[in-house]
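The values are calculated or read from the model by the stated rules, or taken from the named source; none is laboratory data. Only a predicted model underlies this, so the values are computations on that prediction, with no experimental measurement involved. Here the Cβ is made from the backbone with ideal geometry for all residues, glycine too, and neighbour counts use every protein chain on show.
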Amino acid sequence: MRNISIIFFAKNEEKFIYEYVSLFIEELMNTTIKFEFIIVNDGSTDKTQEELIKLKNAYTDKIKVINKTNNEGIAKAVLDGLNISKYPFVTWLPGDGAYQISSLKNLILFDGQYEILIGYRKNKSQRIFKRFFLSKFLTIILNLIFFENLEDYNGAIIFEKKILKDVYFPDHPSFQWVILMQFLKQKKKYFEKSVSMIIPEPGNMSSLINFKTFFSYFILLLKLIKLIIYYKLR
């Protein structure tokens with residue numbers, strides 16, 4: 001049984017957060033697992049906080065909320081959620097409802113003794129091209145450099161919480177693959193299982209992906225790869 005803390009990072013998600021989280025909770029309440037939802041409101045300027053109040057009132061014993069006045073980024077939001085999580089397994093997800101709930105439920109309920117369960121996005125090729133290209137580019141580069149054969153590094157991943165204690169956790173939106181790669185170097189036990197995205201994605205920020213951001217992403221990618229090669233977990 002994989003009792004789990006599910007962390008949502010949310011910024012300006014008033015259109016999606018209530019319906020998505022409530023449907024997700026209802027799905028999991030029909031199972032025997034113990035779970036909690038930790039929603040980090042990362043400096044939203046819309047009515048996200050009001051939606052979270054409604055969620056908290058509706059599901060008091062299932063939801064924890066962290067409200068931030070200022071936006072501090074996805075990585076910090078996830079760290080804050082981890083600090084108050086109580087179950088032995090954890091995952092983190094975007095608050096815009098980008099994944100099909102049924103496939104996430106199947107991932108969580110998957111019966112297997114693994115420290116890491118990698119939910120690779122089986123339909124990510126249907127994403128807006130610029131988003132798909134960055135994801136595919138990252139996967140190819142990491143597989144070549146580290147002699148891996150993963151389908152996806154930035155999907156929905158479930159970690160055994162205790163192994164995250166000493167990991168290097170960069171303050172950057174691309175923190176997840178950095179964490180995962182450290183564990184692959186240590187030969188942690190993992191399994192890949194497909195999950196499905198909702199296409200078109202509810203929160204579309206593709207307009208932010210241009211040549212300048214791609215170049216910055218590439219330079220940072222090289223720096224992080226170098227760090228992973230030399231960084232040793234305790």
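Worth a mention:
- Filter pass, Ile17 being over 26 Å from Lys162 (Cα atoms) and touching a helix residue (DSSP H, G or I) at 6+ places or on another chain (Cβ under 6 Å): yes
- Taking the listed residues Ile63, Ile33, Ile7, the one that is of a type outside the set (S, T, N, Q) and touching a Gly at 6+ places or on another chain (Cβ under 7 Å) is Ile7, with no other qualifying.
- Residue check for Asp96: of a type in the set (D, E, K, R), farther than 18 Å from Asp152 by Cα and crowded, with 20+ Cβ neighbours inside 10 Å: yes
- Subset tally (residues that are within 19 Å of Ala156 (Cα to Cα) and touching an Asp or Glu at 6+ places or on another chain (Cβ under 7 Å)) for the range 14-55: 3
- Of all residues in the range 150-177, those that are more than 14 Å from Ile118 (Cα to Cα) have Cβ atoms under 6 Å from Cβ atoms of residues that are surrounded by fewer than 16 Cβ atoms within 10 Å (Cβ to Cβ) and modelled with pLDDT of 95 or more, 6 or more apart or on another chain, in Lys161/Pro88.
- Residue in the range 60-74 that is in contact (Cβ under 8 Å) with a residue 60 or more places away in the chain and buried (at least 18 other Cβ atoms within 10 Å of the Cβ) present: yes
- Enumeration of residues in the range 175-206 that are closer than 24 Å to Lys76 by Cβ and either loosely packed, with under 14 Cβ neighbours inside 10 Å or at pLDDT below 80 (or both): Glu201, Pro202, Gly203, Asn204, Met205, Ser206
- For the range 144-171, the tally of residues that are surrounded by 14 or more Cβ atoms within 10 Å (Cβ to Cβ) and in a loop (DSSP other than H, G, I, E, B) stands at 11.
- Condition met for Phe89 (farther than 19 Å from Glu26 by Cβ, crowded, with 20+ Cβ neighbours inside 10 Å, touching a residue at least 40 places away in the same chain (Cβ under 8 Å) and not aliphatic (A, V, I, L, M)): yes
- Elements of the type strands (runs of 3 or more DSSP E) sitting completely within the range 28-134 and holding at least 2 residues that are in contact with a strand residue (DSSP E or B) (Cβ under 7 Å, 6 or more places away or on another chain) and among the small types (Gly, Ala, Ser): there are none.
- Failed item, numbered, when Leu233 is tested on (1) modelled with pLDDT under 80; (2) exposed (fewer than 14 other Cβ atoms within 10 Å of the Cβ); (3) among the hydrophobic types (A, V, I, L, M, F, W, C); (4) more than 23 Å from Phe89 (Cα to Cα): (4)
- Residue check for Thr48: surrounded by fewer than 16 Cβ atoms within 10 Å (Cβ to Cβ) and either of a type in the set (Ser, Thr, Tyr) or at pLDDT below 95 (or both): no
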